[in-house]
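Down below is the structure, laid out as structure tokens.
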Amino acid sequence: MPSVCNVVVLISGSGSNLQALIDSIQADAETSTGHPARIGAVLANRADAYGLSRAQQAGIPTQVLDHKQFDGRDAFDAALIKAIDGYAPDLVVLAGFMRILTPAFVRHYAGRLLNIHPSLLPKYKGLHTHQRALEAGDSEHGCSVHFVTEELDGGPLVVQAVVPVQPQDTPDSLARRVHEQEHRIYPLALRWFAEGRLSLTDQGALLDGEPLPATGHLVRA
């Protein structure tokens, strides 16, 4: 791992997790050791993604690749790889990037591609996770950071934050509390990777050379 881990972040929307990463890095920027990562670029598939403004305000280069301008998913992902590789990333971070990635894309960034998902995986892959947790009567919900593999929302878990479900919760109220934890655990996973502590091997996800449990590292709200 280089002395500073160069990160490219992919977004599609508001970029609140991007902001959490930016804030975490900036908070350490003036310390004696600094932060082990820098965000080299933010790419979006939507020109109206507010996260682009967040990046620009932080002085981070941005680029838009509109997936609608490409003839299918393979063509878009090929162009996306070319754009990302132009920034020579050590790590690619998905922060609300609302695209299902092709196997070729995932293989290209194997071991250096992280995602955050608003459920305690393997529960509730896909969309509408907060509604589904409430409908199931779950007592706990949360969010997960995982390495990306070809299985949708199925890669080895790095860290999960567990949030108690309250009797009066609605999907919106539960989502707000889960988002708070997303902003806590994504910067943590980024730091681990940037420090060379986190890796993906044939054994699964390793932290400090030791296999992480199937649930990943657990933190509680």
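What follows is calculated from the coordinates using simple rules that are stated; it is not laboratory data. Bear in mind the structure is a predicted one, so any value in this text is a computation, not a measurement. No Cβ is skipped: glycine too gets one built from the backbone with ideal geometry, and neighbour counts run over all protein chains shown.
For the chain, the 222 nm mean residue ellipticity estimated from helices alone, with every DSSP H stretch of n ≥ 4 adding -39500 (n - 2.57) and the total spread over all residues, rounds to -10000 deg cm²/dmol.
The aspartates and glutamates whose alpha-carbon is closer than 19 Å to the alpha-carbon of LYS68, local same-chain residues fewer than 8 away aside, are ASP48, ASP77.
The amide H of HIS141, built 1.01 Å from its N in the peptide plane, has VAL163, VAL165 as neighbours under 5 Å, considering only residues 5 or more places off or on other chains. Could you tell me whether the chain comes out rounded, prolate or oblate from its Cα gyration tensor? Rule is a ≥ b ≥ c as square roots of the eigenvalues, rounded for a/c under 1.5, then prolate if a/b exceeds b/c, otherwise oblate. Because its axes are fairly even, with a/c under 1.5, the chain counts as rounded. For a paramagnetic label modelled on LEU134 (point 7 Å from Cα along Cα→Cβ), amide N atoms under 18 Å away belong, within the stretch 163-199, to 163-181.
Computed on the stretch 1-109, with alpha-carbon pairs under 8 angstrom and 6+ residues apart, the relative contact order is 38 percent. Converting phi to 3J(HN,Hα) with the Karplus coefficients 6.51, -1.76 and 1.60 and the offset θ = phi - 60°, the stretch 44-61 yields 9, 9, 9, 5, 8, 5, 5, x, 4, 5, 4, 5, 4, 5, 8, x, 9, x Hz in sequence order, with x at every glycine or proline. Summarising the amide proton neighbourhood of LEU212: residues at separation of 5 or more, or on other chains, whose placed amide H is nearer than 5 Å comprise ALA205, LEU206, LEU207. Exposure here means at most 15 other Cβ atoms within 10 Å; with GluC sites (Glu not before Pro) in a DSSP loop as sites, the longest stretch of the chain lacking them is 31-149.
Find out how many positive minus negative residues lie around ARG184, taking Lys and Arg as positive, Asp and Glu as negative, among other residues whose Cβ is under 14 Å from that of ARG184. Walk me through the numbers before you get to the answer.
On the way: positive: ARG176, ARG177, ARG191, ARG220; negative: ASP23, GLU180, GLU182.
Charge balance near ARG184 sits at +1.
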